[in-house]
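Working notes, beginning with the structure itself.
Bear in mind that the values in this text are calculations on the coordinates, not laboratory data. Please read all numbers here as calculations on a predicted model, not as lab measurements. When we count neighbours, we look across all protein chains shown, and the Cβ atoms used for this are built from the backbone with ideal geometry, even at glycine.
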Amino acid sequence: MKKRVWFFIAVAVIAAVAVLTVSNRKVVEAAKKTTFKGIAYIAGHGGHLAVIDLSKMESPTDIEKGRIVITEAGSEMEGVIAGMEFEKVKKSGGTHGSALVGGGKKLVVGLLNGNVVTYDLKTGEKSKPMSVGKKFCDAVVGPDGNIYLEDMADGHVYVWDPKGLKVVDKFPIGKAVCGIAWTKGLDKAYVSDMPQGIVYVIDWKTKKTIKEIKDPEMTFIHQIKMAPDMRHLWISAPNEFDPGLKPGTHKS
């Protein structure tokens, strides 16, 4: 296992938590310590975003203020995953990843049916679902300001313009990709592939894979994030499945 890669078990703070979108994270440079004084919007499969005050780290108790309802409930283990067919119960798709845009005033939410919905945090206005991909795992603001949506059904990364509200690019990476992160110099990007347990290293200029990072304990991975020091990659690896979506149990 490469020393530059850290991975950890993703712990469910709220049922079916998928990803955190954090507003106003403050990094104290002198102490090299990350403090949490903001709001986290946590996308769960149930079609809503939980709203968490990071300074308190408490589960929401107010059903009106503590969550944002985006769509009907769904599950990531429905429909097509890495080209394989699973039973589809909820066609509208649950929430799975979101990103803040417009100076932290608006959320772009990727759904498990490949649609995208925007939500105005001030007015509460929600857009109609926009058809973009097939089955989104995460939504990440890229270095160019576009939203990068990782698709678990076709293995593509979709590039979506939040101002023009349209897809401006897409490129194939793996089978069921789930997260993306960039190096400090933007010369490379990392893309995680969920059922294969692979992190692809991408030459960002050519969008071609130049390396694959694998580990026996990294079998079923989700979203990824560069650490505040930009020297390490954090990978959420719950490992509830072996490669090929076979049941498995691991130490990590």
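Here the Karplus relation 6.51 cos²θ - 1.76 cosθ + 1.60, evaluated at θ = phi - 60°, turns the backbone of the stretch 117-125 into coupling constants of 10, 9, 9, 7, 5, 7, 8, x, 6 Hz, with x for every Gly and Pro. Of the residues Phe136, Phe220, Phe171, the one with the fewest other Cβ atoms within 10 Å heads the list, and the complete ranking is Phe171, Phe220, Phe136.
Projecting label points 7 angstrom from Cα along Cα→Cβ for Asp62 and Asp161 puts them 3.8 nm apart.
Rounded to the nearest angstrom and listed largest first, the equivalent-ellipsoid semi-axes of the stretch 153-246 from its Cα gyration tensor are 22, 17, 12.
Fewest first, what order do Ile63, Ile70 take by the number of other Cβ atoms within 10 Å?
Working: Ile63 9, Ile70 24.
Listing Ile63, Ile70 from fewest to most nearby Cβ atoms yields Ile63, Ile70.
To make sure I understand, if each residue's beta carbon is the centre and we count other beta carbons within 10 Å, what order do His222, His96, His232, His156 fall in, fewest to most?
With the fewest neighbours first, His222, His96, His232, His156 line up as His232, His156, His222, His96.
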